[in-house]
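Enquirer: Could you have a look at this structure, given as structure tokens, before my questions?
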Amino acid sequence: MYSITPVNSDVAYIGGSDRRLALFENAYPLENGMAYNSYLIRDEKTALMDTVDRSIESLFRENLVKALDGRDLDYIIVQHMEPDHCATLGMVLSMYPNARVVGTMQVKRMVSQFYGIDITDRFDAVKEGQELSLGAHTLKFITAPFVHWPEVMMTYDIHDKALYSADAFGMFGALSGNIFADETDMWTAHLDEARRYYTNIVGRYGKNVQNVLKKAAGLDIDMICPLHGPVIRSDLAFYIDKYDKWSSYTPEENTVLIAYGSIYGGTENAADVLAGMLAQRGVKNIRMYDVSKTHYSYIVAEAFRCSKIVFASPTQDSLLFTEMEAAICAIRAKGLTNRTVALIENGTWNPSAAKHMRELLEPLGMNILDLDVSIKSTPAADDLEKLSAMADALANA
Ligand SMILES: Cc1cc2nc3c(=O)[nH]c(=O)nc-3n(C[C@H](O)[C@H](O)[C@H](O)COP(=O)(O)O)c2cc1C
Ligand SMILES: [Fe+2]
Ligand SMILES: [Fe+2]
């Protein structure tokens, strides 16, 4: 049975959610599933704003047929060719053979690469700023390369003052009937998941997001319709400010993230000692995570949020604790910068983890303090002095 939610009198939400999925992109743990949004604009012409993931194919087909109510589909606007949005494109192409596909140049090649379908004779490539009239609604296309893939574009509906933002302004998590952020606790309970989604999925492409934000600043926007997560009708400035911070690698809070790995507890003990020292120096909201327990995607998100980061790792096979290496590599992949970093290493015979952490982090141009603490198995008296010096430097940085 279909499940459609009106966005307004002309626009219908025809997406859905997959609550069974454990890992988004087979990598990111989901606490409560994932939403795949799709919208249908019904004007003199009809336009479908992207399709959905394969997991909700049958619901989507029923939604589309019902929302069209016997009308033909004129346009399929393809803003993003990642399969979480276009896995059902082939189905729609064969259901509505008259529909023209609208997207940036690369879309045609990607449709062929993924699905072996040649759309040459039904494809309209759009360029920056190009408009498409549906009747009352005029769509204006805004290229958004690498927000999240090279072919991405966003679409501004001049009539509704609505920005269809592709993956941007999306988040992890299923929708539960309420498709609008103002009907949920989006700004309290869900902001962490919005941050984890942005930083892990789009985080590397901060410069590209900044470029799009500059273009969006010239638009009068009442509503943001992303491809994941709720539709945003209120607090737009708050959310856009978050995107501005995340994409410019600007910390949200002056506080310390401590990410540690530990096999037997020695490194964990050092991390706890340091955290206590930081608290006594007035640092608030210190966040500590065991990298074996906490998936790296949460550590990436917290690294974007906090201004200072401590990495504490045992030496393993003359290198790093593997889980710590994964967390640091994930942060490095996102190009995070503008952070003050301190390093703690541990080793029973030849501690060398700090050297490797430094090598991994150096390309990011962060301020890595020259105050490494090198522990031999468990923190000793002189380590306390060094941890204290580290706490001073971090509290004052
Ligand atoms: C698989 C494995 C490999 C290790 N490799 C090294 C090493 O190359 N150099 C070293 O000094 N210690 C090595 N160690 C020892 C740990 O780094 C050391 O015991 C450390 O104190 C553990 O810290 P923890 O108490 O926080 O787990 C290794 C330990 C394990 C389990
Ligand atoms: Fe994507
Ligand atoms: Fe997506």
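Enquirer: I want to confirm something. Restricting to the stretch 183-212 and keeping residues that are in contact with a Ser or Thr (Cβ under 7 Å, 6 or more places away or on another chain) and at pLDDT 95 or above, which single residue is surrounded by the fewest Cβ atoms within 10 Å (Cβ to Cβ)?
Expert: Gln210
Enquirer: Just to be sure before I move on: is Glu385 of a type in the set (Asp, Glu), at pLDDT 95 or above and surrounded by fewer than 17 Cβ atoms within 10 Å (Cβ to Cβ) in the structure I sent?
Expert: yes
Enquirer: Then there is this: Could you give every pair whose Cβ atoms fall below 7 Å, whose first residue belongs to the stretch 83-97 and is on the phi < 0 side of the Ramachandran plot, and whose second residue is among the aromatic types (Phe, Trp, Tyr) and not in a helix (DSSP H, G or I), counting only separations of at least 6 or pairs across chains?
Expert: The qualifying pairs are Asp84/Tyr36; His85/Tyr36.
Enquirer: Can you name every one of the strands (runs of 3 or more DSSP E) wholly within the stretch 291-397 that holds 2 or more residues which are within 28 Å of Ala194 (Cα to Cα) and outside the structural domain of Phe172 (by TED's automatic domain parsing)?
Expert: Fully inside the stretch 291-397 and qualifying: 306-316, 340-347.
Enquirer: Evaluate the following for Tyr156: is it aromatic (Phe, Trp, Tyr) and over 16 Å from His228 (Cα atoms)?
Expert: Yes; evaluated as a whole, the condition is true for this residue.
Enquirer: Does the stretch 349-356 contain any residue that is farther than 19 Å from Ala391 by Cα and crowded, with 23+ Cβ neighbours inside 10 Å?
Expert: Scanning the stretch 349-356, I find at least one residue that is farther than 19 Å from Ala391 by Cα and crowded, with 23+ Cβ neighbours inside 10 Å, so the answer is yes.
Enquirer: Can I ask one more? Given the structure, is Asp118 assigned by TED's automatic domain parsing to the domain that holds Lys207, within 20 Å of Cys225 (Cβ to Cβ) and of a type in the set (Asp, Glu)?
Expert: For Asp118, the condition - assigned by TED's automatic domain parsing to the domain that holds Lys207, within 20 Å of Cys225 (Cβ to Cβ) and of a type in the set (Asp, Glu) - is not met.
Enquirer: Condition first: surrounded by fewer than 23 Cβ atoms within 10 Å (Cβ to Cβ), assigned to a helix (DSSP H, G or I) and in contact (Cβ under 8 Å) with a residue 40 or more places away in the chain. Can you find one or more residues in the stretch 164-182 that meet it?
Expert: The answer is yes; a qualifying residue exists.
Enquirer: In contact (Cβ under 8 Å) with a residue 60 or more places away in the chain, under 26 Å from Leu213 (Cα atoms) and either of a type in the set (A, V, I, L, M) or surrounded by fewer than 21 Cβ atoms within 10 Å (Cβ to Cβ) (or both): which single residue out of His137, His148 fits that description?
Expert: Checking each option against the conditions leaves just His137.
Enquirer: Taking the conditions exactly as written (buried (at least 17 other Cβ atoms within 10 Å of the Cβ), in contact (Cβ under 8 Å) with a residue 60 or more places away in the chain and within 16 Å of ligand 2 (Cβ to nearest atom)), does Lys334 satisfy them or not?
Expert: Taking the combined requirement at face value, the residue satisfies it.
Enquirer: Right, here's the next one. As an exercise: evaluate Gly335 against (1) in contact with a Gly (Cβ under 9 Å, 6 or more places away or on another chain); (2) within 16 Å of ligand 1 (Cβ to nearest atom); (3) not basic (Lys, Arg) and give the number of the one condition it does not meet.
Expert: Among (1) in contact with a Gly (Cβ under 9 Å, 6 or more places away or on another chain); (2) within 16 Å of ligand 1 (Cβ to nearest atom); (3) not basic (Lys, Arg), the lone unmet condition for Gly335 is (2).
Enquirer: Can you tell me which residue among Arg61, Arg71, Arg54 is surrounded by fewer than 21 Cβ atoms within 10 Å (Cβ to Cβ), under 23 Å from the mean Cα position of the chain (by Cα) and of a type in the set (D, E, K, R)?
Expert: Of the residues listed, the single one that is surrounded by fewer than 21 Cβ atoms within 10 Å (Cβ to Cβ), under 23 Å from the mean Cα position of the chain (by Cα) and of a type in the set (D, E, K, R) is Arg54.
The values are calculated or read from the model by the stated rules, or taken from the named source; none is laboratory data. As the structure is a computational prediction, the values presented were derived from the model and not from experiment. Ideal geometry is used to build each Cβ from the backbone, glycine not excepted, and the neighbour counts take in all protein chains shown.
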